[in-house]
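To start, the structure itself, in structure tokens.
The values are calculated or read from the model by the stated rules, or taken from the named source; none is laboratory data. Given the structure is predicted, the values throughout are model-derived calculations rather than measurements. Methodologically, a virtual Cβ is constructed for each residue, glycine included, from the backbone with ideal geometry; neighbour enumeration extends over all protein chains shown. Remember, those area values only see protein heavy atoms, side chains included, never the ligands or the DNA or RNA. Shrake-Rupley method; radii C 1.70, N 1.55, O 1.52, S 1.80 Å.
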Amino acid sequence: CEEWRLNVQSKPKLRTYIHFKESYNVEQYVQSFMNRGHRSYLAQLRCGILPLEIKTGRWYGVSAENRLCKVCKNDSVETEIHFVFHCVKYQEQRILFYQKIQAMYPAFLQVDDNDKLKILMTNGIVNIFAKYIFDIVKIRQSTLFK
């Protein structure tokens, strides 16, 4: 377990993963009944392999600070945090998603983004989160690849 922890922390592309993955165990979402597409996009987001600019920019030698979101074009780096919580393109879906989450976690919007992600990844609401990720990935794809 300690070797795993050290390996995870030494890999820059696992920048999001290390915020919520604290122990070497099988995650709840893997064992839950979930749509295959939802589970796939959730796993990609968790592992830092969802094809956001923060990842794809690396392929082209773009510095991390210049891997900007091509969806909202607000000069924001397209990280997992930007994609899930800040990109204005997904505002309508995010409002509906937040309504569902706040019904279970009333103070959800008061916590910082990394803690929000941790809540979404580690609690019994992972199916709702996976559907939200699936929906906004589809919007992203249709926006970028018309």
Checklist line | The lone exception for Leu52 - which of (1) at pLDDT 95 or above; (2) surrounded by fewer than 18 Cβ atoms within 10 Å (Cβ to Cβ) it fails | finding: (2)
Notebook entry, point to check: Counting only residues that are among the small types (Gly, Ala, Ser) and touching a residue at least 12 places away in the same chain (Cβ under 8 Å), which one in the range 92-132 is farthest from His38 (Cα to Cα)?
Noted result: Gly124
Notebook entry, point to check: What are the residues in the range 78-111 that are more than 23 Å from Lys55 (Cα to Cα) and charged (D, E, K, R), if any?
Noted result: Glu92, Lys100
Check: Any idea how many residues of the range 85-104 are of a type in the set (A, V, I, L, M, F, W, C) and within 14 Å of the chain's Cα centre (by Cα)?
Finding: 3
Check: Which ones in the range 59-85 are surrounded by fewer than 17 Cβ atoms within 10 Å (Cβ to Cβ), free of Cβ contacts under 8 Å to residues at least 24 places away in the same chain and not hydroxyl-bearing (Ser, Thr, Tyr)?
Finding: Trp59, Gly61, Val62, Ala64, Glu65, Asn66, Lys73, Asn74, Asp75
Next item on the list: Inspect the range 109-127 for any residue being modelled with pLDDT of 95 or more, open to solvent by 80 Å² or more (accessible area, probe 1.4 Å) and farther than 28 Å from Glu3 by Cβ and give the result as yes or no.
Entry: yes
Next item on the list: Tell me, please, whether a residue that is in a helix (DSSP H, G or I) and out of contact with any helix residue (DSSP H, G or I) (no Cβ under 7 Å at 6 or more places or on another chain) can be found in the range 69-81.
Entry: no
